[in-house]
Amino acid sequence: MYAMKKNLIALLALVMMVAALVGCGTENAAQGKQDATRTVTDIDGTEVTIPTNVERIADLWHANNQVVLLLGGADRLVTTTKNVQGLPWFAQVYPRIKEISAPVKGTDVNWEEVEKEKPQVVLASSKEQIETARKNGYAAVHVNFATYDGLRKTVKITGDVLGGDAVKNAETYLSYLDEKTKFTDERTKKLSDAERPVVLHIVGGDDLFKVDGVETIIDEWIRYGGGRNAITAKGPQIKTTIEEVLKADPDIIIIGGTQSAKGIEAIKNDPQWSSLKAVKNGRIYANPVGTFNWDRYSAESALQLLWAAQTIQPQLFADVDLVKETVDFYKRFLHYDLSEADAQRIIKGEAPAK
């Protein structure tokens, strides 16, 4: 009896030891999975070590929130920006954006609020924000673009950060972008300067003298679309004067942002602008605005190529069904069913119908 009892105790001890070892192994495996890392290369060429499985992202750049949405990673956003929350079509497509912490207003970041959300990765376009994030111990990935080439790089980097299906989603989107770039370029590249209308792009309707120059994504889509930029100075969001606008005498005026209708009305009612060819011929247009402005810092700039081409060279692009293209884009990349009426509102730069 004593021997039996002794054997039973020994057997129980053995079982407990095996269970402990198994539990320890499971815990170590889980810890190993949690601590597993990989590297991504950001827009500066800096290698950043990030977790293998990224589930919590603080995105401090307004435009890149849209790239995350496009690639299927929006559910992993733990912070966004107040600017993004103010975009009607973004909220229409992805209502949760209104519920996410928004510690970014303009370029100001409330780092205490970021800390509360415990992000695994911080995405930002500002070098200052990147430096601050890294000093605070975050894996910070710099993303930024001002040209189509930069857009391509940023989409790829964001896909790499998200990992999984997002990598393939990025490749699919970039193929689409390349297709639309080639399509517009092939039809317009042989046009002479005389055949290219002069296009003035105004940043927004609240300041008619803030315009976009060369070496920008705006200048690129003007050129792909068969036009010439009225502004020859380099860079985006340049301050100009009525005298310089009158001298350029644009054939076409395009106004970006959500205040474009206000800007168009102001131009039509201001005698200073009345002598311009664009005003005389009624060629003043509101730029489309979707989940982000089509004209700048936007993955929807793939659609901007088509809109610009049809607006600048309507006869060359009469066969483009932009409403259908927009509906298809939202279905394919944003997994959202736009109605044709919705698409028309986006193309006109209008908010969703109430």
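The values are calculated or read from the model by the stated rules, or taken from the named source; none is laboratory data. Here the structure is a predicted model, which is why all the values come from computation and not from measurement. Here the Cβ positions follow ideal geometry from the backbone for every residue, glycine too, while neighbour counts run over all protein chains shown. Ligands, DNA and RNA are stripped out before the accessible areas are found, and what is left, the full protein with its side chains, is counted by its heavy atoms. Shrake-Rupley method; radii C 1.70, N 1.55, O 1.52, S 1.80 Å.
Per-structure values
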| read-out | value |
| --- | --- |
| The chain - Kirkwood radius from inverse mean 1/r over Cα pairs (Å) | 22.5 |
| At q = 0.12, 0.16 Å⁻¹, base-10 log of I(q)/I(0) for segment 191-348 (Debye sum, equal scatterers on each alpha carbon) | -0.49, -0.86 |
| Gain upon complete extension [GLU55, LYS247; 0.36 nm per residue less C-alpha separation] | 63.8 nm |
| Exposure rank, largest accessible area first [THR326, THR147, THR39; 1.4 Å] | THR39, THR147, THR326 |
| For the chain, with +1 on Lys and Arg beta carbons and -1 on Asp and Glu, the positive-most of PRO103, ILE218, THR154 along the dipole | PRO103 |
| Among ILE254, ILE242, ILE97, residue whose mean-square fluctuation peaks in a GNM of the chain (springs only between Cα atoms under 10 Å) | ILE242 |
| Axial C-alpha extent at least 15 Å, average Kyte-Doolittle at least -0.5 - helices from the chain (DSSP) | 2-35, 148-162, 301-312, 322-333 |
| Global size of segment 290-334 as Cα Rg and Dmax, reported in angstrom | 10.7, 30 |
| Positive minus negative residues near ALA278 (Lys, Arg vs Asp, Glu; Cβ under 12 Å) | +2 |
| Label-point separation, THR41 to GLU186 (7 Å along Cα→Cβ), nm | 3.1 |
| Estimated FRET transfer efficiency (LYS98, ASP149; beta-carbon r; R0 41 Å; 0.05) | 0.80 |
| Shape call, segment 39-166: gyration tensor on alpha carbons, a/c limit 1.5 | rounded |
| Relative contact order for segment 206-251, counting Cα pairs under 8 Å that sit 6 or more residues apart, in percent | 44 |
| Spatially proximal aspartates and glutamates relative to LYS277 (Cα-Cα < 13 Å; intrachain offsets below 8 disregarded) | ASP249, ASP251 |
| The chain - charge dipole about Cα centre, Lys and Arg +1 at Cβ, Asp and Glu -1, debye rounded to 20 | 540 |
| The chain: relative contact order as a whole-number percent, Cα under 8 Å and 6+ apart | 14 |
| Listed pairs LYS189/LYS247; LYS190/LYS268; LYS127/LYS239 exceeding 31 Å between Cα atoms | LYS190/LYS268 |
| Segment 134-185 - convex hull of the alpha-carbon atoms, volume per residue in Å³ | 57 |
| Label-point separation, GLU179 to GLU195 (7 Å along Cα→Cβ), nm | 2.6 |
| R0 of 35 Å, Cβ-Cβ distance GLU112-GLN237: FRET efficiency to nearest 0.05 | 0.70 |
